[in-house]
Amino acid sequence: MQPEIKSRLLNRLNRVEGQVRGIGRMVEEERYCIDILTQLQAVRAALARVETELLRGHIDHCVTAAFASGDANEQRQKAQELVALLERSVR
C-alpha cells in the first residue's frame, strides 16, 4: 500500500472511530432516535468511502501488477478475489 493512501485511510478511519464514540455518547444520553440514526448513516457512508478508496488502490496496484506480470494463475486469483468480494457485498 502506498504511504499516501495508507495515511488517508488511517485518517478517515480515525474520524469514523470518533464518530462511533460520539454515537455511543448519544445513546448513553438518550438522545433523539432520529439524530442517532442520522449519525449511524454518516458512519456507514464514511466506511463506504474508505472501502471504495481501498478497493481502488487494490485494483490500481495489486490487480494491475498481477495482469502486468503475465502470470495466468496470479491473474485468475486476483479476479476470483474480486468476484468473491462482490458476492459478499450483495448478501
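Bear in mind these aren't lab numbers, they're just calculated from the coordinates by the rules spelled out. Keep in mind that what you see is a predicted model, and the values were worked out from it rather than measured. Using ideal geometry, Cβ is built from the backbone for each residue, glycine included, and neighbour counts are taken over all protein chains shown.
Things worth noting here:
- Condition check for residue 90: free of Cβ contacts under 8 Å to residues at least 60 places away in the same chain and under 13 Å from the mean Cα position of the chain (by Cα): no
- Tally of residues being under 30 Å from residue 25 (Cα atoms) and either acidic (Asp, Glu) or in contact with a helix residue (DSSP H, G or I) (Cβ under 8 Å, 6 or more places away or on another chain) (or both) across region 37-91: 11
- In summary, helices (runs of 4 or more DSSP H) completely within the chain and bearing 2 or more residues that are surrounded by fewer than 11 Cβ atoms within 10 Å (Cβ to Cβ) and basic (Lys, Arg) occur at 3-28.
- Subset of region 39-65 (residues that are without any contact (Cβ under 8 Å) to a residue 40 or more places away in the chain, within 25 Å of residue 7 (Cβ to Cβ) and among the hydrophobic types (A, V, I, L, M, F, W, C)): 42, 43, 45, 46, 47, 48, 55, 59, 62, 63, 65
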